[in-house]
1. In Å³ and rounded to a whole number, note down the convex hull volume per residue for the Cα atoms of segment 367-433.
2. Contour minus end-to-end for residue 288 and residue 366, with contour as 0.36 nm per residue of separation and end-to-end as the Cα-Cα distance?
3. At 7 Å along the Cα-to-beta-carbon direction for both residue 386 and residue 319, put a label point, then send me their distance in nm to one decimal.
4. Cβ neighbours within 10 Å, averaged per peptide: list 284-296, 215-227 in order, most packed at the top.
5. Just to verify a number: FRET efficiency for residue 327 and residue 416, C-beta to C-beta distance, R0 = 41 Å, to 0.05?
6. How big is D for segment 296-433, in µm² s⁻¹ as a whole number, if Stokes-Einstein is applied with the Kirkwood radius of its Cα pairs at 37 °C and 0.692 mPa s?
7. Could I get the Rg over Rh figure for segment 104-213? Both from C-alpha atoms, Rh via Kirkwood, rounded to two places.
8. What FRET efficiency do you get for residue 17 and residue 70 if R0 is 22 Å and r is their Cβ-Cβ distance, rounded to the nearest 0.05?
Amino acid sequence: MRIVDLINKKKRGENLSASEIDYIVQGYTMGEIPDYQMSAFLMAVYFKGMSKEEIANLTLSMVNSGETVDLSMIEGIKVDKHSSGGVGDKISLVIVPLCACVGIPVAKMSGRGLGHTGGTIDKLESIEGFRTELSKDEFVNNVNKYKMAIVGQSPNLTPADKKIYALRDVTGTVDSIPLIASSIMSKKIASGCDCIVLDVKVGSGAFMKSVDEAVILAKTMVEIGKSLGRKTVAVVTDMNQPLGHEVGNANEVKEAIGILKGRGAEDETTVALTIASYMAVLGGAFSDYESAYKKMRELIESGEAVEKLKEFIRIQGGNPEVVDNPDLLPKAEKHIEIKSSVSGYVNSINAEDIGVSAMLLGAGRKTKNDSIDFSAGVTMVKKVGDWVDEGDTLCILHTNKTDINDAKELSKSAFVIKDKKPEPVKFIHCVID
Ligand code: URA
């Protein structure tokens, strides 16, 4: 085989066979195919797309490019969840204790934030002492005994995805449905779970800007999951503004604690309970979604869920006292209020701009090896649909930095304020199963 022939084949819109796709993926991972040819191939995929079969084969090739996790030592049906990337998305911190309460084992590998989107591992590490690296035995034992563990993703998992993703990032080929779907699903399949609930974000802070595109992505991933023997459900959720009120790390942990105490904002509570309920149904704890949802609510109201969070923090070495006393979490020195210069209804908030503002304040990294300030972030005082008077605070920036003019301007311009009241926000657009 010659890579140039395969590039031409895809350029003409023809389908590639499983062995041709594998030749490209393994060849690129091992350094035998250079970046310039892989870039051309990715751009051909971007414009010509891939068939369902090609996407499943691409996913499998990426899974086979590295190690896979064997979770057979863990009892029960292992259910994982994945978000396609958002701003203020602290849902994983909420669903883990909820699922554990109903006996669903969650053996989760999570990522760090990069760019404008946050990562669960960074959020957890803002809790003093919390360990996101566990030995294999500790990981397995914790899930068997307590039904929950979250660790950072093993560097040996899906090396092809890591290399291809980095190339996509600099060649304008990130927002391609076959490439996003195979990238996400390869990591989920390699991490060894039996069932997957996908949170596909749509809106200004997401890769998918329209519901139609998000539905295609959701259907594509559900088909990949099913074709590879994993029960998969995708929930398409709104990301036209940050989720909840907090964007950052420590402040998102504080907000996640609040959700589990029944004080969460309506959007994030609805999304968390929906995802947790589908996980509980796929894991076999409930026969129907409605009963699962009712139980999840009860777990929050009874205080059981927040007690489970305490246990989760404790077993991974963190200080569980943060749950009763969130003021123990890192706090920034400066809190700058961003005021509105006009009156009206908040019609939209560009979630990506708020995510970038949080990053500029110190909450995110520009490159993988940058360090972050756990206390930095943004509090959304106003959300879409709220009325604001001129001079009202729109959001508060938390930082230890001195030069934050970029973040001030960007966060202010993220708010679109008009006379007309916008349509109510739909938190869940649809569910694909
Ligand atoms: N998240 C991923 O893991 N991969 C993508 O391509 C996009 C979002």
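Nothing in this text is a laboratory measurement; each read-out follows from the coordinates by a stated rule. Keep in mind that this is a model prediction, so the values were computed, not measured. Note that we place each Cβ from the backbone using ideal geometry, even for glycine, and neighbour counts take in every protein chain shown.
1. It comes to 166 Å³ per residue, whole-number rounded.
2. Extra length available between residue 288 and residue 366 comes to 23.8 nm.
3. Placing both labels 7 Å along Cα→Cβ, they lie 2.9 nm apart.
4. Numbers: 284-296: 16.7, 215-227: 21.8.
The peptides rank, most packed first, as 215-227, 284-296.
5. My answer for the efficiency is 0.75.
6. 188
7. Rounded to two decimals, Rg over Rh is 0.98.
8. Details: r = 29 Å, r/R0 = 1.31.
E(calc), rounded to 0.05, equals 0.15.
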